[in-house]
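Novice: Just passing along the structure, written as structure tokens.
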Amino acid sequence: MGTPAFAVPSLSAVAASENVTLVVTNPDRPSGRGQTLGPPPVKVEALRLGLPVFQPEKARHPDSVARIAAEAPDLIVVVAYGHILPKSILDIPKRCCINVHASLLPKYRGAAPINWAIARGEEMTGITIMKMDVGMDTGPMLHVREMPVGDGDTAETLFPRLSHLGSEALIEALRKLRAGTLAETPQDDSQASYAPMLKKEHGLIDWSKPAREVRNLIRGMTPWPSAYTFHDGKALKVLSASVKDERGSSAGAPGEILEVGRDGILVACGDGSISLGQVQPEGGRPMDSRAFASGRRVHKGDRLSR
């Protein structure tokens, strides 16, 4: 059970080592500028592999539950399916339902663990193979693989690496399950944090935050929903940035443009300052901040606002 590109390597890996009898994924959805109906990536891969596909609108509907139960599976593997599974599905397999989750649980339970781990400045993340229960990513941990987060990583660069690590961790867990050596480790709920589903407003930059936190938000919101601010009343996406001064008060108020030069636009934060790299003005194309400053008459002393 899975939907986006993140789940494709896990599907490919498990199909190569196990007897996959059914792939459950979301219905085809409109996408792109033309809103053309298109299949989810997991469906594309399943059809390539010659596997039967089931696309219920709601997995918890009794007809959907009955269709899945008809497979009488030993195991259900869930990777970014996009729905919380009810007990009626969790109880179907002879063994259990397991989930490939892109964080080091109990940190970053929820829909967007990769984005929020970067946005909150984590230097280490990874994959947790978890036995599912009725909670939101609360089941016991079965297998864990770690991965460092580089200073230059964004959600966009980390997604494919964690996707492939997830497929490796899944196969390792299945081998342990077959050998009878897969141990359950309860999560420490007191250490839990949450990674809510991303919304556009999550990308709004608060310039009163320290420079490092602002840059981490920019990294975590790339490529979607993108971090953004406002200049002269119009939205300005900030696609990349670097920390200029990390500690100590800057010479301006938060959001104030301190310099406009060959290196682009330097902006004051609550603590320190950042240099804007790539930006995208409202209705325009991505460009370096120096080009934006030249074309939009951006001056020292201007203020970027929330």
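A quick yes/no check of all residues on (1) in contact with a Pro (Cβ under 6 Å, 6 or more places away or on another chain); (2) within 21 Å of Met221 (Cβ to Cβ); (3) at pLDDT below 90:
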position	(1), (2), (3)
Val243	no, yes, no
Glu246	no, yes, yes
Ser250	no, no, yes
Arg285	no, yes, no
Ser289	no, yes, no
Ser294	no, no, yes
Gly301	no, no, no
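Novice: Can you run down the residue pairs with Cβ atoms below 7 Å, 6 or more apart or on separate chains, where the first is in the range 37-57 and in the same structural domain as Val24 (by TED's automatic domain parsing) and among the aliphatic types (A, V, I, L, M) and the partner is assigned to a helix (DSSP H, G or I) and crowded, with 16+ Cβ neighbours inside 10 Å?
Specialist: Val42/Ala7; Val42/Val8; Val42/Leu11; Ala46/Leu11; Leu49/Ala15; Leu51/Ala15; Val53/Lys43; Val53/Ala46
Novice: Scanning the range 1-34 for residues that are modelled with pLDDT under 95 and in a loop (DSSP other than H, G, I, E, B), which turns out nearest to Ser64 (Cα to Cα)?
Specialist: It comes out as Gly32.
Novice: Ok, one more. Quick one: in the range 179-201, which of the residues that are over 19 Å from Lys107 (Cα atoms) and within 18 Å of the chain's Cα centre (by Cα) is surrounded by the most Cβ atoms within 10 Å (Cβ to Cβ)?
Specialist: To start, the set of residues in the range 179-201 that are over 19 Å from Lys107 (Cα atoms) comprises 179-183, 199-201.
Adding the requirement that they be within 18 Å of the chain's Cα centre (by Cα) leaves 199-201.
On the way: Lys199: 9, Lys200: 11, Glu201: 8.
Per the stated criteria, the residue is Lys200.
Novice: Still on this model: Are there any pairs with C-beta distances below 7 angstrom linking a residue in the range 280-306 that is in the same structural domain as Pro225 (by TED's automatic domain parsing) to a residue that is assigned to a loop (DSSP other than H, G, I, E, B), with the two at least 6 apart or on different chains, and if so which?
Specialist: Pairs that qualify, where the first residue is in the same structural domain as Pro225 (by TED's automatic domain parsing) and the partner is assigned to a loop (DSSP other than H, G, I, E, B), are Gln280/Leu239; Gln280/Pro286; Pro286/Leu239; Asp288/Gly277; Ser289/Gly277; Arg290/Arg262; Phe292/Val298.
Novice: For the range 53-78, which positions are of a type outside the set (Lys, Arg) and part of a loop (DSSP other than H, G, I, E, B)?
Specialist: Of the residues in the range 53-78, the ones of a type outside the set (Lys, Arg) are 53-57, 59, 61-66, 68-78.
Gln55, Pro56, Glu57, Ala59, His61, Ala70, Glu71, Ala72, Pro73, Asp74 - these are the residues of the range 53-78 that are of a type outside the set (Lys, Arg) and part of a loop (DSSP other than H, G, I, E, B).
Novice: In addition: Looking at Gly233 and the list (1) over 25 Å from Thr157 (Cα atoms); (2) touching a residue at least 24 places away in the same chain (Cβ under 8 Å), which single condition is not satisfied?
Specialist: So Gly233 meets the others, but not (2).
Novice: Quick check on my filter: what residues within the range 168-217 are out of contact with any Lys or Arg (no Cβ under 8 Å at 6 or more places or on another chain), touching a residue at least 24 places away in the same chain (Cβ under 8 Å) and β-branched (Val, Ile, Thr)?
Specialist: Scanning the range 168-217 gives Ile171, Thr185, Val214.
Novice: For Leu37, only one of the following conditions fails: (1) of a type in the set (A, V, I, L, M); (2) at pLDDT below 95; (3) under 20 Å from Met147 (Cβ atoms). What is its number?
Specialist: The number of the failed condition is (3).
The values are calculated or read from the model by the stated rules, or taken from the named source; none is laboratory data. Note that the coordinates shown come from a computational prediction; the quantities given were computed from them, not determined experimentally. Glycine gets a Cβ as well: all are built from the backbone with ideal geometry, and neighbour counts include every protein chain shown.
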